[in-house]
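Structure first, commentary second.
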Amino acid sequence: MVSQKIATHYPPAIRVAVVSIGRSGTSVISRILHEVLAVDFGDESDHIPRNHNNPDGYFENRELLELNERILAAVGGSVLRPPALNCFHQLAAADKHELVATTRERLNFYAAEKPRFGWKDPRLSLTFPIWQAAAPNVVAIIVFRDPRAVMRSIADQLDVPAESLAGLWLEYYRRIFSHTATCPRVVVSFDQLLEEPIKVVKTLADFLGVTDETETWERQLAGIVKPKQAKHRAVAGVSSVSITLNADTEALYGYLRDTINSGLQPDDTKLACLLNPPHAVPKKIFPSQSKSWLARLLGR
């Protein structure tokens, strides 16, 4: 089956959400979007500060991150304890309305009249339905990385055993692909970025409708993508600790890796099969796309 095409025509102003589990390279992807592809992530003074874990900056708006914490608390979840897939359907209407209104007001405050405004935070993977309700012109950039590297990095950052994070990667991507099913989205690989940075940037540019400036991009990327840095290595630390992935995680990661490396985008039907294998409890995670909603978003 042919993988879905990347949409390239959007309204004058779009909101670009970078979604992924933490420690997956979203900071460098966001820096590329901000410095290379003209997606404004706002002033650094509004971001959480750089530190030894990320000396180049996180590109995460502090107030929007705190808002995500509030949204997660409302549905009984946290960054390490993802809420149920249908949690926002179960939220009281008044509470959901208040969260959406607050989210819309804060997002509009920071985005203002910017033609392309971006923000990132691993919690977006879990709270995306509220943001989509607040900003119908949102598009999603989904970033993934070898789950073993992710587990090792999170474990090192939080000083917890990697084994305690078993299943977390799959639970994040189960929610990411469910929550973004009705909006334009593109999937990119952090590991591919380290090997072929210009290829990933061209994928992002095509998705965002940005004119190809390969020669300029290559010069810019030389100072941004640094494969030799520990935090930029594809599987930093993995060799020192044995990490076993369950079959479902291995299958989803392998499919995403092979599809992206082939220059394609994941197919929704195949994703649904991988995220709802026969041995799992059946659940509908891919609501049908609203053609009228997409037509309004894409100006068609």
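A few points about this structure:
- At least 2 residues being of a type in the set (Gly, Ala, Ser) and within 28 Å of Asp40 (Cβ to Cβ) is the threshold, and among the helices (runs of 4 or more DSSP H) wholly inside segment 84-182 those reaching it are 93-111, 124-134.
A quick yes/no check of all residues on (1) over 19 Å from Pro227 (Cα atoms); (2) touching a strand residue (DSSP E or B) at 6+ places or on another chain (Cβ under 8 Å):
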position	(1), (2)
Val28	no, no
Arg31	no, no
Ala38	yes, yes
Pro82	yes, no
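- Hey, Leu37 part of a helix (DSSP H, G or I), open to solvent by less than 70 Å² (accessible area, probe 1.4 Å) and either under 19 Å from Ala140 (Cα atoms) or at pLDDT below 95 (or both) or not: no
- Test: residue in segment 54-69 that is of a type in the set (Ser, Thr, Tyr) and surrounded by 13 or more Cβ atoms within 10 Å (Cβ to Cβ): yes
- Filtered residue count, segment 54-66, keeping only those that are under 20 Å from His34 (Cβ atoms), modelled with pLDDT of 95 or more and of a type outside the set (Phe, Trp, Tyr): 6
- Counting only helices (runs of 4 or more DSSP H) that fall entirely inside segment 217-300 and contain at least 3 residues that are at pLDDT 95 or above and touching a Pro at 6+ places or on another chain (Cβ under 8 Å), the qualifying elements are 247-261.
- Among the residues of segment 93-143, those identified as within 18 Å of Tyr173 (Cβ to Cβ) and polar (S, T, N, Q) are Ser125, Thr127, Gln132.
- Selection of segment 93-140 for residues being of a type in the set (A, V, I, L, M, F, W, C) and open to solvent by 30 Å² or more (accessible area, probe 1.4 Å) yields Ala93, Ala94, Ala101, Phe109, Ala112, Ala133.
The values are calculated or read from the model by the stated rules, or taken from the named source; none is laboratory data. Note that the structure is a prediction, hence the values are computed from the model and not measured. Neighbour counts are summed over all protein chains in view; Cβ atoms, including those assigned to glycine, are modelled from backbone coordinates with ideal geometry. Side chains included, ligands, DNA and RNA excluded: accessible areas come from the protein's heavy atoms. Shrake-Rupley method; radii C 1.70, N 1.55, O 1.52, S 1.80 Å.
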